[in-house]
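Readers should treat all values here as calculations from the given coordinates under stated rules, not as data from a laboratory. Being a predicted model, the structure only gives us computed values, none of them experimental. Glycine also receives a Cβ, built like all others from the backbone with ideal geometry; neighbour counts cover every protein chain displayed.
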Amino acid sequence: MKELKEKILKFGNPINENVLKVDSFINHQVDANLMNLIGKEFAEYYKDRNITKVVTIESSGIAPATFTALHLNVPLVIMKKTTSKVLSDDLVQATITSYTKGTTFELTMSKKFVNKDDNVVVIDDFLANGQAAMGAIKLVEKMGANVESIGILIEKSFQPGRKELIDAGYEVYSLARIKRMSKGEVEFEE
Ligand code: G4P
C-alpha cells in the first residue's frame, strides 16, 4: 500500500536490523487518516469473502482493525493480553511469547463474541515471528470459527512469521513487506 510505505519511509525509524519504530503514526501517536485508508484497503480486499468479524490483539492492532471493521460493517473483537492463567468457563486462552519484547502473556478472549458461524479476518500491526497471529488463530479456531485470512500492516519478511503462517495453510495479506532493514534504512519487497 503506497500511503503506508511512504509513511514508513518518511516517519519510520529503523533503529537496527530488526526493529522499526513507528510510534509517531501507528502505535503511540496514531495517524487516524492513515488508519482510515488502511481500513478501506483491507475492506476492499476482503469485500467478497463473507467476513463476519474482525479480530485483533490489544493494543496496537486496535486502530487499524477498528477502521477495517467499520468499512466491512462487521463487529471488531479485541483479544486481551493478561498474565493470569485463571480461566473462567467464559474464556479461552493461549500462551504467547514475544521474541521482540521478551514477554509472555495469556492471549484471552470471551467465548461470547466468536462462534462456529463466524468467518474471521485477524488484523495486526506487525508480523515478526508469527506468535501473536498463531495465538489469535488458535483461539478463533477453538471456538469453531474459520480464519479466512491474516491482514498485516507491516510484515518483516526476513523474519519467520509469514512462512510459518503460509506453511500452516493460512493466507497472509500484508500492506507493506520489508525485505531488509539497517539503521536508518528500509528496503521493501517488490
Ligand atoms: P510475533 O507476534 O510476530 O511473533 O512478533 P513478536 O512476538 O516478535 O513481537 C510482538 C510484539 O512486538 C508486538 O507488539 C509487535 O507489534 C511488536 N513488534 C515486532 N516487531 C516490531 C518492530 O519492528 N517495531 C515495533 N515498533 N514493534 C514491533 P505487542 O507486544 O503486541 O505490543 P502492542 O500491540 O501492545 O503495541
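Details
- Measuring r between the beta carbons of Lys163 and Lys2 and using R0 = 25 Å, the FRET efficiency lands at 0.45.
- Relative to the longest principal axis of the Cα atoms of the chain, the long axis of helix 131-142 makes an angle of roughly 20 degrees.
- Listed residue pairs exceeding 30 Å between alpha carbons, taken from Lys2/Lys183; Lys53/Lys85; Lys5/Lys163; Lys10/Lys142; Lys2/Lys85; Lys7/Lys142: Lys10/Lys142; Lys2/Lys85; Lys7/Lys142
- Highest-fluctuation residue, Ala136, Ala43, Ala32 considered, GNM on the chain with Cα pairs under 10 Å: Ala32
- Measuring nothing but how far apart in sequence close Cα pairs (under 8 Å, 6+ apart) lie, relative to its length, the range 35-190 scores a relative contact order of 19 percent.
- Three-way shape call for the range 51-190 based on the alpha-carbon gyration tensor, with the a/c threshold at 1.5: prolate
- Karplus-derived HN-Hα couplings along the range 148-157 (A = 6.51, B = -1.76, C = 1.60, θ = phi - 60°), whole Hz, x at Gly and Pro: 6, 6, 10, x, 10, 6, 10, 9, 8, 5
- Crossing angle, helix 32-46 versus the chain [Cα axis fit, 0-90 degrees, rounded to tens]: 60 degrees
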